[in-house]
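The values are calculated or read from the model by the stated rules, or taken from the named source; none is laboratory data. As the structure is a prediction and not an experimental result, all values here were calculated from the model. Glycine gets a Cβ as well: all are built from the backbone with ideal geometry, and neighbour counts include every protein chain shown. Please note that ligands, DNA and RNA were not included when accessible areas were found on the heavy atoms of the full protein model with its side chains. Shrake-Rupley method; radii C 1.70, N 1.55, O 1.52, S 1.80 Å.
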Amino acid sequence: MPSAVGTASHDLIIRALVEDDAHLFHALDDPGLVGRALTKSVHRTVARGGEYRPDWTWVALRGDRVVARAAWWGGPDDDEPKALDWFDFADGEEEAAVELLRRAPLRAEYDLMLPPDWQELPEVRAAAEARMRAAEAAGMRRLVERFRYRWTPADGIPERPGRLEFRTEPDDEVILDVLRRVHSVTLDAHALKAVEEGGLDQAAQEELDFFHWCPSPREWLRLAYTEDGELVGIHVPAHNPSGPCIGFIGVVPEQRGHGYAYDLLVECTHFLVERGAEFIAAATDDGNVPMAGHFARAGYPVAQKRVNYV
């Protein structure tokens, strides 16, 4: 029997899966136009060598037919999910998908993966917009659309500009102060949301919590300075659970206008490559035109677009 109590809506049953019936997640026919299927990801439970917990994996059924599914993801030590990774439903079952999100007792950001040209492909756009409507009907709101990059050595390693010096900083209070300065003027939608909710302290703390959450060493974090010793900003080459990534790039307001974010990005790239990275993931908001320009200059190709719902 499932660990969660099923909820009936007419002939609809919504419940979490258990290990013995985790195979039901794959019973939904998914053409793979959007979402995790784009990356050839496979949903497997932790017991079967995967990343997903049965009690964080929910389905909506009509009889024995799966008509909608959702799977939340979190790290192995997380008590609550970090993201809604999978959210799919059969044709004509948008209302069932909405009901699933409403009934499941789990809340996390929805990260909808899309091809870079998703708006130009009618079938893909229809699949994406159906999920967006369902997420909004279930009470979520669209936060931002983002560029998702995946760099490999075949894209070329950009040359270091050589303008900055990079130093470790073990004191978290110093780091928090730098992050507050960076986020005092920002184009990043997630940072703006945090500032709106709890001010600069919350925005800075959320970033620092992410740095600590990543499995990469804390000492990889670096502050950047000019040759004269003036603080420029912070960069965080990191590993998330999926692999090497650009964890954070930030320039303090008084140093903007000199293209230093590019220097930080290039240094991050070299740092990770020197430690064996065969690819590097990164992302920025599509409205952050300066940072998107730096990624393009550094040779980072856009692999996906992602729309974030909170």
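Of all the numbered requirements in (1) touching a residue at least 60 places away in the same chain (Cβ under 8 Å); (2) farther than 14 Å from G139 by Cα; (3) crowded, with 16+ Cβ neighbours inside 10 Å, E93 misses one, and that requirement is (1).
Does region 27-36 hold any residues that are in contact (Cβ under 8 Å) with a residue 12 or more places away in the chain and either within 17 Å of the chain's Cα centre (by Cα) or not in a helix (DSSP H, G or I) (or both), and which are they? Show your work before the answer.
As a first pass, look at region 27-36 and keep what is in contact (Cβ under 8 Å) with a residue 12 or more places away in the chain: 27-31, 33-36.
Once the filter is applied, which keeps residues that are in contact (Cβ under 8 Å) with a residue 12 or more places away in the chain and either within 17 Å of the chain's Cα centre (by Cα) or not in a helix (DSSP H, G or I) (or both), region 27-36 yields L28, D29, D30, P31, L33, V34, G35, R36.
Screening R107, R131 for residues that are of a type in the set (K, R), within 20 Å of L33 (Cα to Cα), at pLDDT 95 or above and under 19 Å from the mean Cα position of the chain (by Cα) leaves exactly one candidate, R131. Taking region 153-162 as the range and being open to solvent by less than 60 Å² (accessible area, probe 1.4 Å) and touching a Ser or Thr at 6+ places or on another chain (Cβ under 7 Å) as the test, only P158 passes.
Mind listing whichever residues of region 65-80 are farther than 22 Å from A27 by Cβ and open to solvent by less than 50 Å² (accessible area, probe 1.4 Å)?
Once the filter is applied, which keeps residues that are farther than 22 Å from A27 by Cβ and open to solvent by less than 50 Å² (accessible area, probe 1.4 Å), region 65-80 yields G74, G75, D78.
The residues listed here are E207, E197; of these, the one that is free of Cβ contacts under 8 Å to residues at least 60 places away in the same chain, within 26 Å of F147 (Cβ to Cβ), open to solvent by less than 70 Å² (accessible area, probe 1.4 Å) and charged (D, E, K, R) is E207. Among the conditions (1) outside any helix (DSSP H, G or I); (2) in contact with a Gly (Cβ under 8 Å, 6 or more places away or on another chain), the only one that V178 does not satisfy is (1).
When residues of region 102-152 are filtered for being of a type outside the set (A, V, I, L, M, F, W, C), in a strand (DSSP E or B) and either within 20 Å of G287 (Cβ to Cβ) or open to solvent by less than 40 Å² (accessible area, probe 1.4 Å) (or both), how many remain?
Of all residues in region 102-152, those of a type outside the set (A, V, I, L, M, F, W, C) come to 102-103, 105, 107, 109-111, 115-117, 119-120, 122-123, 125, 129, 131, 133, 136, 139, 141-142, 145-146, 148-150, 152.
The next check asks that each one be in a strand (DSSP E or B); those that pass are 109-111, 142, 145-146, 148-150.
If we keep only those that are either within 20 Å of G287 (Cβ to Cβ) or open to solvent by less than 40 Å² (accessible area, probe 1.4 Å) (or both) too, we end up with 109-111, 142, 145-146, 148-149.
So the count comes out to 8.
Kindly indicate the residue of region 211-237 that is touching a residue at least 40 places away in the same chain (Cβ under 8 Å) and open to solvent by 60 Å² or more (accessible area, probe 1.4 Å) and also farthest from P170 (Cα to Cα) among those meeting that condition. Of everything passing the filter in region 211-237, E227 is farthest from P170 (Cα to Cα).
Applying the set (1) over 25 Å from L112 (Cα atoms); (2) open to solvent by 20 Å² or more (accessible area, probe 1.4 Å); (3) not aromatic (F, W, Y) to N240 leaves exactly one unmet item: (1). Looking at the structure I just gave you, is R133 without any contact (Cβ under 8 Å) to a residue 40 or more places away in the chain and within 22 Å of V67 (Cα to Cα)? Taking the combined requirement at face value, the residue satisfies it.
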